[in-house]
Amino acid sequence: MAAGDPSTGRSRFASDPAPLPRRSVQPGSGAPVADIPEPRCFSRQTFLQLVLLSVIIVGQNITSRASDNRAEMTYKDAEATFYEAQQIQDHLQAQDDAISSILDKLLKLEAARTQA
């Protein structure tokens, strides 16, 4: 960001405060050497961060709802599959019972035939 007219120390915009002078931490003082950013950069960064944060939160909410819907559909599919598998098992058990009954009758007829 341009600070405006360096000779007057005024900002380009009337509403912007005059920029603070930049100071550096002296080497050897234990602190890293860095420039102190201008305060209005913080306010712009904060505004940008808040806007982006709300966008991220909305995106996460949408993703979460979609994930919940997928999980619900997966559960319903698994429940339907379980129900069908249970019906197949019941049908197979009924067939096994019928075959066993027929086999018992055949064995009785065969035994009666051999006695006669």
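Values quoted throughout were computed directly from the atomic coordinates according to the rules given, and no laboratory measurement underlies them. Model, not experiment: these values are computed from the prediction. No Cβ is skipped: glycine too gets one built from the backbone with ideal geometry, and neighbour counts run over all protein chains shown.
Between the stretch 57-72 and the stretch 75-116, how many Å separate their Cα centres?
So the two Cα centres are separated by 46 Å.
In nanometres, what is the gap between the two model label sites at residue 44 and residue 65, each 7 Å from Cα along Cα-to-Cβ?
Those two pseudo-labels are separated by 3.5 nm.
Specify whether the C-alpha gyration tensor of the stretch 44-85 places it in the rounded, prolate or oblate class, a ≥ b ≥ c being the square roots of the eigenvalues: rounded for a/c under 1.5, otherwise prolate if a/b is larger than b/c and oblate if not.
Numbers: a/c = 11.14, a/b = 9.33, b/c = 1.19.
Cα axes put the stretch 44-85 in the prolate bin.
Determine ³J(HN,Hα), in whole Hz, for all residues of the stretch 54-67 in sequence, where each value follows from phi through the Karplus function 6.51 cos²θ - 1.76 cosθ + 1.60 and θ = phi - 60°; x replaces Gly and Pro.
Residue by residue, the stretch 54-67 yields 5, 5, 5, 5, 4, x, 5, 5, 5, 4, 5, 4, 5, 5 Hz.
Simple spin-label model, 7 Å along Cα-to-Cβ: residue 72 to residue 94 in nm?
A separation of 3.4 nm, rounded to one decimal place.
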